[in-house]
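Chemist: Below you'll find the structure I mean.
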Amino acid sequence: MSILTTINPESLVILALVSLLLGMAKTGVHGAGMLSVPLLAIVFGGKSSSGLMLPMLLVADVFGVFYYHRHASFQQLKILFPWAALGIIAGSVAGNYIDDGVFRVIMAATIFSSLAIMIWMELGGREKIPDSIYLGMLAGFLGGFTSMIGNLAGTVMAVYFLSMRLPKNNFIGTTAWFFMVMNWFKVPFHIWMWHTINRDSWVTALVLTPVILMGAFAGIGLVKKMSDKTYRWFIVGMTLVAAVVMVLRH
């Protein structure tokens, strides 16, 4: 039996909204994904929601990579991938020792710290950040760790890619490839270590695929209308909304 048939109507609306936001996030409305994380945690809790969200993310990743794959910066990805894999492994181990309350604290801390750094960069701090391989290694590890602990790598990687001054389409294409590879890498850990993904999770993702697709097309249309500067501030604004939702939840 799918989870869609067992939850109350309010939770079902939130789940549909999360699906729409994930589709938008994968085609460029990057902050939408950050907002979806606390929304899903409200209904299912931190750790459980991360497992439920992952199959939906995998569906959404397909649309993002299909549309923006040509714009990826593979030079950046070569630096990030091995360190992100280590971060996922570390997050998988850490997740066995922390409860749901700590999960939510980590979510809140990640969103708020990323928001502060984004605003600082947009107000001139970006010019003070060196283009260093060590920064990429750190971003990769933190991205992998926070991706495993609550699917919150979007905030960390937004900070990194914005600091690298990637144009709008390169930003979207690089994040699309990064998250598709990392999300598939996370699946075995969710299934066999955390036991947060099961057949019901996959069925739910498949049923919600049309909603995710609607979000993907909406995201493509919205991003086309934004300049690079507007796009950067839009990411900041969506992260702020996610932070407010997290505060209200607590």
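The values are calculated or read from the model by the stated rules, or taken from the named source; none is laboratory data. Given the structure is predicted, the values throughout are model-derived calculations rather than measurements. Note that we place each Cβ from the backbone using ideal geometry, even for glycine, and neighbour counts take in every protein chain shown.
Chemist: Can you name the number of the only condition in (1) part of a loop (DSSP other than H, G, I, E, B); (2) crowded, with 24+ Cβ neighbours inside 10 Å that Thr175 fails?
Modeler: (1)
Chemist: Which one of these is free of Cβ contacts under 8 Å to residues at least 60 places away in the same chain, farther than 15 Å from Met24 by Cα, in a helix (DSSP H, G or I) and not acidic (Asp, Glu): Thr155, Thr230?
Modeler: Only one candidate qualifies: Thr230.
Chemist: Considering only segment 187-207, I want to know if a residue exists there that is out of contact with any Asp or Glu (no Cβ under 7 Å at 6 or more places or on another chain), over 18 Å from Leu54 (Cβ atoms) and either assigned to a helix (DSSP H, G or I) or not polar (S, T, N, Q) (or both).
Modeler: no
Chemist: A further question follows. Count, please, the residues in segment 210-240 that happen to be crowded, with 17+ Cβ neighbours inside 10 Å and either under 14 Å from Gly23 (Cβ atoms) or out of contact with any Ser or Thr (no Cβ under 8 Å at 6 or more places or on another chain) (or both).
Modeler: Selection size over segment 210-240: 16.
Chemist: Please work out which residue is surrounded by the most Cβ atoms within 10 Å (Cβ to Cβ), limiting yourself to segment 11-68 and to residues that are without any contact (Cβ under 8 Å) to a residue 60 or more places away in the chain and within 27 Å of Thr230 (Cβ to Cβ).
Modeler: By that ranking, first place goes to Ser36.
Chemist: Given the structure, is Val247 at pLDDT below 90, surrounded by fewer than 18 Cβ atoms within 10 Å (Cβ to Cβ), closer than 29 Å to Asn96 by Cα and under 20 Å from the mean Cα position of the chain (by Cα)?
Modeler: yes
Chemist: Do we have any residue at all in segment 118-129 that's within 28 Å of Leu40 (Cα to Cα), surrounded by fewer than 23 Cβ atoms within 10 Å (Cβ to Cβ) and touching a residue at least 40 places away in the same chain (Cβ under 8 Å)?
Modeler: Yes; the residues of segment 118-129 include at least one that is within 28 Å of Leu40 (Cα to Cα), surrounded by fewer than 23 Cβ atoms within 10 Å (Cβ to Cβ) and touching a residue at least 40 places away in the same chain (Cβ under 8 Å).
Chemist: Let me ask something else about it. If you scan segment 29-48, which residues turn out to be within 13 Å of the chain's Cα centre (by Cα) and among the small types (Gly, Ala, Ser)?
Modeler: Gly31, Ala32, Gly33, Ser36
Chemist: Kindly provide the set of residues from segment 93-104 that are within 21 Å of Ala242 (Cα to Cα) and exposed (fewer than 13 other Cβ atoms within 10 Å of the Cβ), ordered by number.
Modeler: Listed by number, the list holds a single entry, Gly101.
For (1) modelled with pLDDT of 85 or more; (2) of a type in the set (A, V, I, L, M); (3) under 24 Å from Gly51 (Cβ atoms), each residue gets a yes or a no:
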position	(1), (2), (3)
Leu123	no, yes, no
Pro130	no, no, no
Gly143	yes, no, yes
Thr155	no, no, yes
Ser163	no, no, no
Asn170	yes, no, no
Thr174	yes, no, no
Val181	yes, yes, yes
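Chemist: Considering (1) at pLDDT below 90; (2) in contact with a helix residue (DSSP H, G or I) (Cβ under 7 Å, 6 or more places away or on another chain), say which one His190 fails and leave the rest.
Modeler: It fails just one condition, (1).
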